[in-house]
1. For a paramagnetic label modelled at 7 Å from the Cα of residue 62 toward its Cβ, which residues of region 107-125 fall within the zone defined by backbone nitrogen distances under 20 Å?
2. Which order do peptides 26-32, 46-52, 105-111 fall in by mean Cβ count within 10 Å, highest first?
3. Using only Cα atoms, find the angle between the long axis of helix 128-148 and the longest principal axis of the chain, and express it within 0 to 90 degrees, rounded to the nearest 10.
4. Residue 34: which aspartates and glutamates have alpha carbons under 18 Å from its alpha carbon, excluding same-chain residues fewer than 8 sequence positions away?
5. How much length, in nm to one decimal, is gained on full extension between residue 17 and residue 3, taken as 0.36 nm per residue of separation minus their Cα-Cα distance?
6. Summing +1 for each Lys or Arg and -1 for each Asp or Glu, what net charge is found among the other residues whose Cβ lies under 12 Å from the Cβ of residue 30?
7. Calculate the spin-label point distance for residue 70 paired with residue 121, positioning each point 7 Å from the Cα along the beta-carbon direction, and give it in nanometres.
8. For the chain, what is the relative contact order in percent, using Cα pairs closer than 8 Å and at least 6 residues apart in sequence?
Amino acid sequence: MDITHIIIDDTNPVHRELSIYRTGEISRIRLSDKAYKVYGQLEITAHNHAALFHYGIVESLNALQFVSEAGHGLDSWDEAFLHHSQLEKMSLILGECEKKIDPEKQEKALLGWHDSPVAAAYWRTIDPREFLRFLDKLKAFVSETIEKGYDLEFIL
């Protein structure tokens, strides 16, 4: 069977409409607040969203005690909360994961596929340097969140 290989292009509006085109955000909140309020936010681009899964960071972070509606911890298509008591551990995990990323090695991640009407596989090129810049922002965001005593909400 011939399979069409499609590399996701962020500038292509058709690609941005695909269900596998995922972005996300991480928000600073206080779980103890009576009303929902966001105190800061970090956007996750589609590239960095895919890289979080590709490099196993989401899986590694699931060693922490996330609270989620589905009960699956940190996962795609779900909202998960992380209490501030877990953020120091999160920082350590991010640091360990970062050490395993080769900044010189471009990667390709399979995002999904289908067999009909035409067999197609959807891929994303992962730029490790771009992702490492995001990880630096994420680590700084977590550090500031620790200092301010906030909790985190993840929407992946």
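Since every read-out is calculated from the coordinates, none of them should be taken as a lab result. Predicted model only: the values in this text are computed from it and were never measured. With ideal geometry, Cβ positions are generated from the backbone for all residues, glycine too; neighbour counts draw on all protein chains shown.
1. Only 109-113 pass the distance filter.
2. 46-52, 26-32, 105-111
3. 20
4. Filter leaves 151, 153.
5. Extending this stretch completely gives an extra 3.0 nm.
6. +1
7. The answer from the label model is 2.4 nm.
8. 34 percent.
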